Amino acid sequence: DHSKLSSFRCFAAGGSAAPEELLKACSEKLPGFKLCPGYGLTDACGMTSTTISLEEALSHKGSVGRAIPLIEAKVVDSSERELPFGEAGELLIRGGLALKEYWNNPEATRKTIVNGWVHTGDVAKMNEEGYVYILDRIKDMINRGGEKIWSLEVENVLYRNPKVLEAVAVAVPDTIFGEEVKAVIVLKPGAKATPEEIQEFCSRYLAKYKVPKYIEFRDALPRNPAGKVVKGELK
């Protein structure tokens, strides 16, 4: 009953970068509604950066917006050196919304909070305007023969396929390259596809070394109680 949604004006998207196809679908199918992709973590009371409109999100594709008031963000390398704009590294945040320490866990506090900055565990880059682009979880990054492959990049391409309902890219062991890309896919109801078809589709948008070597079709993806996909069960 659409009449019950008459006061619905704005909704947020988080958990990972919102695919461009999702933003466009919302713009076409939900005229007048505002979709505001953002980013956050429990260690900072939820949201730490956001866009403020669907138009802003579409003009900065792949971004989760800029840091909200009371939050600072920066991107650093493994030596804690702040990186130039556009370079990928770990996203750090600090501010009035960030946690001070973990309850009764000083070891976790020492590992996560360094000089007041919270290590998010996420790979990101930032542009000159302060827009943050989440590339991957550090633990989910795929290292194929020394080449870094962001799982989100592969997943966003998979979501362009009109037959794909859900998709996840993970690293699996490989005797030659160390790791290879595997895609686990849930097709839309009634849709059929072959691994070769999916690989050919990916090759239109990805460099050859990023195209999934392995394709697995499933009826559903494993999720934790919070609804997030448990990638460890798919490797």
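If Asn156 satisfies every condition in (1) within 30 Å of Val211 (Cα to Cα); (2) outside any helix (DSSP H, G or I) but one, which is the exception?
(2)
Scan Leu83, Leu97 and give me the residue that is modelled with pLDDT under 95, over 18 Å from Tyr205 (Cα atoms) and among the hydrophobic types (A, V, I, L, M, F, W, C).
Among Leu83, Leu97, only Leu97 is modelled with pLDDT under 95, over 18 Å from Tyr205 (Cα atoms) and among the hydrophobic types (A, V, I, L, M, F, W, C).
Look through segment 18-73, keep the residues that are of a type in the set (Ser, Thr, Tyr) and touching a residue at least 60 places away in the same chain (Cβ under 8 Å), and return whichever of them is most open to solvent (accessible area, probe 1.4 Å).
Tyr39
When only residues in segment 74-98 that are among the aliphatic types (A, V, I, L, M) and open to solvent by 30 Å² or more (accessible area, probe 1.4 Å) count, which is farthest from the chain's Cα centre (by Cα)?
Leu97
Do we have any residue at all in segment 162-182 that's closer than 28 Å to Lys61 by Cα and in a loop (DSSP other than H, G, I, E, B)?
yes
Does Glu147 fit the bill of being surrounded by fewer than 18 Cβ atoms within 10 Å (Cβ to Cβ), touching a helix residue (DSSP H, G or I) at 6+ places or on another chain (Cβ under 8 Å) and in contact (Cβ under 8 Å) with a residue 12 or more places away in the chain?
Spelling it out, Glu147 is indeed surrounded by fewer than 18 Cβ atoms within 10 Å (Cβ to Cβ), touching a helix residue (DSSP H, G or I) at 6+ places or on another chain (Cβ under 8 Å) and in contact (Cβ under 8 Å) with a residue 12 or more places away in the chain.
Quick check on Ile142: is it crowded, with 20+ Cβ neighbours inside 10 Å and within 30 Å of Val186 (Cβ to Cβ)?
The answer is yes for Ile142.
Quick check on my filter: what residues within segment 208-232 are among the hydrophobic types (A, V, I, L, M, F, W, C) and surrounded by 11 or more Cβ atoms within 10 Å (Cβ to Cβ)?
The answer is Val211, Ile215, Phe217, Leu221, Val229, Val230.
Cβ contacts < 9 Å: first residue of a type in the set (Lys, Arg), restricted to segment 161-172; second residue assigned to a strand (DSSP E or B) and surrounded by 20 or more Cβ atoms within 10 Å (Cβ to Cβ), any location; separation 6+ or different chain. Result?
Short answer, once both residue conditions are applied: Lys163/Ile185.
Which one is nearest to Ala73 (Cα to Cα) among residues in segment 99-129 that are open to solvent by 20 Å² or more (accessible area, probe 1.4 Å) and small (Gly, Ala, Ser)?
Gly116
Every residue, every condition in (1) charged (D, E, K, R); (2) in contact with a strand residue (DSSP E or B) (Cβ under 6 Å, 6 or more places away or on another chain), yes or no:
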site	(1), (2)
Cys10	no, yes
Ala18	no, yes
Pro31	no, no
Lys61	yes, no
Gly65	no, yes
Leu70	no, yes
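Scan segment 1-17 for residues that are within 12 Å of the chain's Cα centre (by Cα) and either loosely packed, with under 10 Cβ neighbours inside 10 Å or modelled with pLDDT of 75 or more (or both) and report the count.
Number satisfying all stated conditions: 2.
Which count do you get for residues in segment 196-212 that are within 21 Å of the chain's Cα centre (by Cα), of a type outside the set (Phe, Trp, Tyr) and in a loop (DSSP other than H, G, I, E, B)?
Going through segment 196-212 one residue at a time, the tally reaches 4.
Can you work out which of the residues in segment 173-185 that are in contact (Cβ under 8 Å) with a residue 12 or more places away in the chain and farther than 16 Å from Cys202 by Cα is most open to solvent (accessible area, probe 1.4 Å)?
Selected residue: Ile176.
The values are calculated or read from the model by the stated rules, or taken from the named source; none is laboratory data. Everything quoted here is computed from the prediction, not taken from an experiment. As a convention, Cβ positions derive from the backbone with ideal geometry for all residues, glycine included, and neighbour counts pool all protein chains shown. We work out accessible area using only protein heavy atoms, side chains counted, and drop any ligands, DNA or RNA first. Shrake-Rupley method; radii C 1.70, N 1.55, O 1.52, S 1.80 Å.
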